[in-house]
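Just so you know, all these numbers are worked out from the coordinates, no wet-lab data involved. All values reported here derive from a predicted model rather than from experimental measurement. As a convention, Cβ positions derive from the backbone with ideal geometry for all residues, glycine included, and neighbour counts pool all protein chains shown.
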């Protein structure tokens, strides 16, 4: 068995940066901002954008990913990647007060846990019909 010992981008900083940032996703604090009540409806009900997968209609707000259809989104909800992200989002994000406590200006306290659930599915909800009178 032959093992690769050399990185192809060792001397080329542009390639090295490209490989490190290729699959960059949002950080947990950015996703926490998206989960707030004023931002979440905007992200879940986006306008049609032909440049994004599924025309930006199937979006997982916890993982910050677009999917091509509702079936792919529903399958994603059962994956380990999604479940790990939900578990990571259970801890409240750090604040300035937490950093001051860590520096010795106060007593340390355990970060609070919160309940994070998968976003509701739009397909399983009954559609509202207008009364035709």
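I'd like to check something: does region 33-46 contain any residue that is touching a strand residue (DSSP E or B) at 6+ places or on another chain (Cβ under 9 Å), assigned to a helix (DSSP H, G or I), under 21 Å from residue 120 (Cα atoms) and without any contact (Cβ under 8 Å) to a residue 24 or more places away in the chain? Checking region 33-46: at least one residue is touching a strand residue (DSSP E or B) at 6+ places or on another chain (Cβ under 9 Å), assigned to a helix (DSSP H, G or I), under 21 Å from residue 120 (Cα atoms) and without any contact (Cβ under 8 Å) to a residue 24 or more places away in the chain.
Under the condition of being more than 30 Å from residue 91 (Cα to Cα) and assigned to a loop (DSSP other than H, G, I, E, B), the residues counted in region 53-65 number 0.
Table: residues versus (1) surrounded by fewer than 16 Cβ atoms within 10 Å (Cβ to Cβ); (2) in contact (Cβ under 8 Å) with a residue 40 or more places away in the chain.
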residue: 50; (1), (2): yes, no
residue: 58; (1), (2): no, no
residue: 67; (1), (2): no, no
residue: 71; (1), (2): yes, no
residue: 89; (1), (2): no, yes
residue: 93; (1), (2): yes, yes
residue: 97; (1), (2): yes, no
residue: 105; (1), (2): yes, no
